[in-house]
Structure formats: structure tokens, C-alpha cells
Amino acid sequence: MASDLNFVEYVCDQAGDAGRLSFRKMFGEYAIYLEKKVVALVCDNQLFVKPTKTGRALLQSVVESPPYPGAKAYFLIGAIIEDRDLMAARFKAP
């Protein structure tokens with residue numbers, strides 16, 4: 001199932017304080033970029049953020065899942081999408 005553009009725009013709006021975010025459609029799904037570097041994927045209207053040690057510490061409780069079959073595990077982001085400050089911090093975390 002392809003992701004909805006409205007969801008991708010909502011995710012970028014919620015994390016907007018992280019810096020210059022952009023996105024690109026890829027095979028029906030989306031990659032989210034921070035300053036031209038991929039930081040997350042949106043697949044099946046779910047947000048998957050690249051895993052980092054700093055990001056793991058910020059999120060406290062982490063669910064890891066591959067965004068598509070055969071991919072490495074990313075952090076699957078759920079309810080924290082509603083927390084603008086945490087979203088921005090997570091996208092900026094190295």
C-alpha cells in the first residue's frame with residue numbers, strides 16, 4: 001500500500017523545528033531528508049527513523065522494524081509523532 005502525501009507532510013510539519021526537511025517519493029513510498037541526508041522513511045503510512053544511539057536514548061522505548069521486506073530494522077515511530085519537540089530532537093539526533 002502506498003503512503004499518503006498528507007501523512008508525509010504532517011510528519012515533516014511535526015518535525016519542522018529540526019531544520020530544512022524535504023521528502024521525495026520513491027516506489028510509492030517516501031524518503032525524508034534533513035539537509036539533503038536521508039533520516040527517515042515513510043512506508044504504508046508509518047514512520048521509520050534511521051537508528052542511532054542518540055536516537056535510542058531520546059526515545060527511551062524503541063520498537064524496531066524493517067520499513068519494507070529485506071530492509072534493515074529502523075525505529076518505528078508511533079505516538080511520539082504528536083510531540084513536536086521530541087520529533088525535531090529525534091530528526092536532529094546523530
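The values are calculated or read from the model by the stated rules, or taken from the named source; none is laboratory data. Since we're looking at a predicted model, the values are computed, not measured. Neighbour counts are summed over all protein chains in view; Cβ atoms, including those assigned to glycine, are modelled from backbone coordinates with ideal geometry. Each accessible area value is taken on the protein alone, full model and side chains, heavy atoms only, with ligands, DNA and RNA left out. Shrake-Rupley method; radii C 1.70, N 1.55, O 1.52, S 1.80 Å.
A few notes on this one:
- Qualifying residue in segment 61-74 (condition: closer than 18 Å to Tyr10 by Cα and of a type in the set (Asp, Glu)): no
- Any strands (runs of 3 or more DSSP E) falling wholly within the chain and containing at least 2 residues that are open to solvent by less than 70 Å² (accessible area, probe 1.4 Å) and among the hydrophobic types (A, V, I, L, M, F, W, C): 29-34, 37-43, 46-49, 74-77
- Taking each residue of segment 28-40 that is without any contact (Cβ under 8 Å) to a residue 40 or more places away in the chain and looking for partners that are part of a loop (DSSP other than H, G, I, E, B) with beta-carbon atoms closer than 6 Å, six or more apart or interchain, yields Gly28/Ala2; Glu29/Ser3; Tyr30/Ser3; Glu35/Gly19; Glu35/Arg20.
- Qualifying position, being at negative phi and in contact with a Gly (Cβ under 6 Å, 6 or more places away or on another chain), among Ala93, Ala40, Ala88, Ala73: Ala93
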